1. Among what's in segment 143-154 and is touching a residue at least 24 places away in the same chain (Cβ under 8 Å) and open to solvent by less than 10 Å² (accessible area, probe 1.4 Å), pick the residue that is farthest from N271 (Cα to Cα).
2. From the residues in segment 312-335 that are hydrophobic (A, V, I, L, M, F, W, C) and within 24 Å of the chain's Cα centre (by Cα), which one is surrounded by the most Cβ atoms within 10 Å (Cβ to Cβ)?
3. In segment 187-203, what count of residues is obtained for those that are under 23 Å from the mean Cα position of the chain (by Cα) and either at pLDDT 90 or above or not in a loop (DSSP other than H, G, I, E, B) (or both)?
4. With the requirement that a residue be closer than 30 Å to Y304 by Cβ, open to solvent by less than 30 Å² (accessible area, probe 1.4 Å) and not hydrophobic (A, V, I, L, M, F, W, C), what does segment 162-209 give you?
5. What is the number of the single condition among (1) more than 29 Å from W250 (Cβ to Cβ); (2) buried (at least 16 other Cβ atoms within 10 Å of the Cβ); (3) among the charged types (D, E, K, R) that E373 does not meet?
6. Which residue out of K84, K79, K137 is surrounded by fewer than 21 Cβ atoms within 10 Å (Cβ to Cβ), at pLDDT below 90 and under 22 Å from L33 (Cα atoms)?
7. Given Q24, Q49, which one is farther than 23 Å from W374 by Cα, modelled with pLDDT under 90 and either open to solvent by 20 Å² or more (accessible area, probe 1.4 Å) or assigned to a strand (DSSP E or B) (or both)?
8. Could you tell me how many of the residues in segment 349-369 are open to solvent by less than 30 Å² (accessible area, probe 1.4 Å) and at pLDDT 95 or above?
Amino acid sequence: MRITFKAIGIWAALLFASEILWAQNTPQITYSLGGFIQLDGIAGQKDAQNHVGEIYSVNDINLTGKPFTRMGLRRARLKGTIRKNDWRAVAQINIADNKIAPHTFMVQWRPALLSGFSLSAGLQDEGFGLESEMSAKSPIGVERAAYINDLFPGNIDLAVMADYAPKSFLSLNGTDIRIGLMGGNNGGKMRKNHPDLMARIAIGHHTANGRSWQVGAAGYWGYVAQNDGLSRVPRRYWSAFAQLGAAGHWGTTRLFVETMGGLQPGQNFTNSVTGTSIKSTDYFNASLPIFARPFGGTMAGLTYRIGVCPLETMIKYYYYDRNRNLSANDIAQKYRDSEHGFNPDCDAREEVWGAGLRYYALNDALTLTAYYEWVLQEKNTLPDPTTNDRLNNRRRNLFTLRLQYAF
């Protein structure tokens with residue numbers, strides 16, 4: 001097992017610091033500081049993907065053919081907020097096992113005369129759809145569906161966002177309307193001249209007895225610059241979602257459903273050309289032009305928080321077709337021909353089933369989650385043993401044990 005001692009050191013330091021974090025008040029100004037820490041232990045089959053540590057080679061192929069285990073810091077967030085009258089400033093940093101980076105730096109205006117309205121500017125959560133709206137502190141399972149990470153790397157963007165969530169709208173208290181101008185770089189380098197547009201609307205209601213429902217839709221209209229600087233590649237997404245909740249002495253049940261589609265810019269070797277991971281030498285490589293993949297994804301999740309003990313069960317399913325224009329046989333053919341650095345993982349279709357159990361302690365500040373994922377990938381029928389061994393016989397199931405402390 002490979003243990004990231006640097007990550008464990010950061011974990012210990014932040015855990016100690018959480019005991020002296022404070023919230024102060026003056027007649028006009030309020031200060032607060034908080035966050036959470038996640039430590040993962042992972043065991044996966046030979047082709048599984050993970051977010052802690054590294055695999056075995058630069059192309060993420062396990063050359064040993066053996067299962068792997070990793071232990072390290074998945075993420076830690078430290079968030080500071082200053083409030084004065086109608087204004088709020090938020091700064092949040094993200095700490096992983098190999099880097100420290102800003103996650104949120106924004107100013108927000110919440111006028112008292114217009115209850116439920118806010119206007120924010122700066123680096124912030126992109127807030128698109130349903131699952132990407134959820135905090136990384138309390139996801140369905142342990143991670144968001146893979147298509148969320150492809151569409152919005154880091155789940156952040158530089159934006160100016162207007163949000164209106166009235167306490168009552170047509171006797172409904174779960175309404176939220178959001179519209180924003182997005183930088184479209186997801187925390188990476190800006191490589192275009194005009195912002196993107198994002199809009200989201202959700203309508204729902206929460207009752208005093210713990211029942212709730214919400215339905216909504218979201219859209220994203222934008223582009224990325226072609227790497228020759230002469231044209232644009234469309235970046236367009238849509239989402240429709242719903243969630244239901246019911247609570248009683250027996251516990252709390254919640255159901256989540258979301259479907260997404262659109263056009264995702266990428267290159268042969270990557271599904272995303274925004275964010276911090278794409279290098280300028282790759283982005284501007286004229287031999288690897290940027291193109292838009294038509295994609296589709298669907299997620300469904302069910303959680304049950306048991307009323308008589310501090311346990312929660314969860315199941316989750318998601319489907320992700322990275323390129324609806326290519327069948328499994330098309331992908332195998334391109335991979336066999338090694339067409340311009342073609343990476344089959346960027347166009348494959350997969351289904352992922354997950355199930356887990358979460359234990360709560362210390363008034364829900366401390367959680368321990370055990371979660372297992374079964375990954376099923378579309379198979380091709382070409383009579384090519386070498387290619388099919390790489391594409392059809394992949395074993396990617398993954399078990400995650402996560403300890404989280406929130407303060």
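1. Filtering first and then ranking leaves A145.
2. M314
3. Counting residues in segment 187-203 that are under 23 Å from the mean Cα position of the chain (by Cα) and either at pLDDT 90 or above or not in a loop (DSSP other than H, G, I, E, B) (or both) gives 9.
4. Scanning segment 162-209 gives G174, T175, D176, R178, R200, G204.
5. (1)
6. Details: K84 fails: at pLDDT below 90; K79 fails: at pLDDT below 90.
Of K84, K79, K137, the one residue that is surrounded by fewer than 21 Cβ atoms within 10 Å (Cβ to Cβ), at pLDDT below 90 and under 22 Å from L33 (Cα atoms) is K137.
7. Unique residue meeting the criteria: Q24.
8. First, pick out the residues of segment 349-369 that are open to solvent by less than 30 Å² (accessible area, probe 1.4 Å): 350, 352, 354, 356, 358, 361, 365, 367, 369.
Imposing the further condition that a residue be at pLDDT 95 or above reduces the set to 352, 354, 356, 358, 361, 365, 367, 369.
Total satisfying the criteria: 8.
The values are calculated or read from the model by the stated rules, or taken from the named source; none is laboratory data. The model shown is predicted, which means the values in this text are computed figures rather than measured ones. Cβ: placed from backbone, ideal geometry, glycine included. Neighbour counts: every protein chain shown. The area values use the complete protein model at the heavy-atom level, side chains included, leaving out ligands, DNA and RNA. Shrake-Rupley method; radii C 1.70, N 1.55, O 1.52, S 1.80 Å.
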